[in-house]
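Quick notes on the structure that follows.
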Amino acid sequence: MVTAINDDLFASDVIADPYTYFGQLRAEDPVHWNQKYELWVITRYDDLIWLTRHHELFSSEVFKRDPRGPYPAIDESDLDLYNTFVRPYQSARFIQHDRPEHLEERMVVHGYFTPKSAEQWRPLIQSAIKELLDEAEEKGRMEVMADFATPLPVLVIAQIMGIPFQDRLFIRELAKKSLFLNRGERDRIRTFAEGVQDMMGYVSPLLAVRLSQQPAFKDLVVQRVNPTDADLASDEALERWLMLNVGTSHHISGTCKMGLASDPMAVVDQYCRVHRLEGLRVADASVMPDVIRANTNATTIMIAERVADFIRRQ
């Protein structure tokens, strides 16, 4: 007998017991059209294999191709964050790409995930599993997704990347935030974005250092001047370096005054030619008489176009 199937994938009873819900789908309607969210739910293994092998019929570019907003709905105040950050970020992930781009990107990391490479990581994986199981034993309970499935790959990757041990709890907290995208709360997008942005902010400097140490860069990078190894040795040391070296930056403009040659402060004339020098012009933001409020990019392009016209008319 076929029973009515609730299409609300985020209903409390579905969240509490997803196994019964999807087990019913697999038994009664393995290729199910979900009317509420307007999507197909495929629950049978053979069907999934067939689907993944027919690239001409199905696309992985969900965030790029699907014009609809997130579901369940999110707070209206977060829609701009979703469209300007979350959707582009998700669309850029290579698992969201179709062939041939996906195959090209996959080949870049393929060598790290062969059986031989994975065997080298066995001690790392075993160590991470032991760490998580020890924590669960100490607590006397375990939420499989939050306490094991999510942090396990994060811990392994952290060890492979050489992330300091004292930072791994912080990385695990960021990983938890990355799960919020698939939850049902209306305010989930902001938490997800915070986790992704903090993760990128943490990992990017580490990647830059690792890349600079690769053989391909040995002829380009003689040495890393700043920050030094001592500056990267701890959070406190890095914070001190940041406080000493990081500041605000502004578009420099108005440094080459336009005016008559008789004006001792003037650098260029009305055609952007430098006074008392032949064949030299200034065609950038420095000839602007005032600092503009918006980005200088478009204005500088127009200055360059105008100077190019002057040169052509000579």
Correct semi-axes for the range 182-314, from √(5λ) of the alpha-carbon gyration tensor and rounded to whole Å with the largest first, are 44, 23, 17
Angle between the chain longest axis and helix 101-110 axis [Cα atoms, degrees, rounded to 10]
80 degrees
Checking the cross-link filter: which lysines have an alpha carbon closer than 28 Å to that of Lys36, excluding same-chain neighbours under 8 positions apart?
Lys64, Lys176, Lys177
Hull-based mean projected area of the range 121-217, where the convex hull spans the alpha carbons, in square nanometres
7.6 nm²
Would you mind working out the magnitude of the charge dipole of the range 198-274 relative to its Cα centre, with +1 at each Lys and Arg C-beta and -1 at each Asp and Glu C-beta, to the nearest 20 Debye?
320 debye
Per GNM of the chain with C-alpha springs under 10 angstrom, the most fluctuating residue out of Arg281, Arg122, Arg240 is Arg281
Expressed as a fraction of 2.2 N^0.38 Å, the rule-of-thumb size for a compact globular protein of N residues, what is the C-alpha radius of gyration of the range 64-106?
1.37
Placing +1 at every Lys and Arg Cβ and -1 at every Asp and Glu Cβ, with all other atoms neutral, what dipole size does the chain have around its Cα centre, in debye to the nearest 20?
1180 debye
Once every Cα of the chain carries one equal point scatterer and solvent is ignored, give the base-10 log of I(q)/I(0) from the Debye formula at q = 0.11, 0.12 Å⁻¹, two decimals.
-1.03, -1.14
Column: log10 I(q)/I(0), Debye, Cα scatterers of the range 12-110, q = 0.16, 0.19, 0.21 Å⁻¹
-0.96, -1.16, -1.21
Would you compute, from DSSP H runs of 4+ residues alone, the mean residue ellipticity of the chain at 222 nm, taking -39500 (n - 2.57) per run and dividing by the full residue count, rounded to the nearest 500?
-14000 deg cm²/dmol
Which residue, Pro70, Pro289, Pro123, has the most motion in a Gaussian network model of the chain that connects Cα atoms within less than 10 Å?
Pro289
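Summarise the long-distance tail of P(r) for the range 42-175 by giving the % of C-alpha pairs beyond 22 Å.
The calculated P(r) of the range 42-175 puts 61 percent of pairs beyond 22 Å.
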By a straight-distance test (C-alpha under 17 Å), which lysines pair with Lys139 as possible cross-link partners, with residues fewer than eight away in the same chain excluded?
Lys130
Top mean-square fluctuation among Gln159, Gln96, Gln214, Gaussian network model of the chain, C-alpha springs under 10 Å?
Gln214
Given the options Val62, Ala4, Thr300, identify the residue whose Cα lies farthest towards the positive end of the charge dipole of the chain (+1 on Cβ of Lys, Arg; -1 on Cβ of Asp, Glu).
Thr300
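Bear in mind these aren't lab numbers, they're just calculated from the coordinates by the rules spelled out. Remember, predicted model here, so these are calculated numbers, not experimental data. Here Cβ is always computed from backbone atoms with ideal geometry, including for glycine, and neighbour counts include all displayed protein chains.
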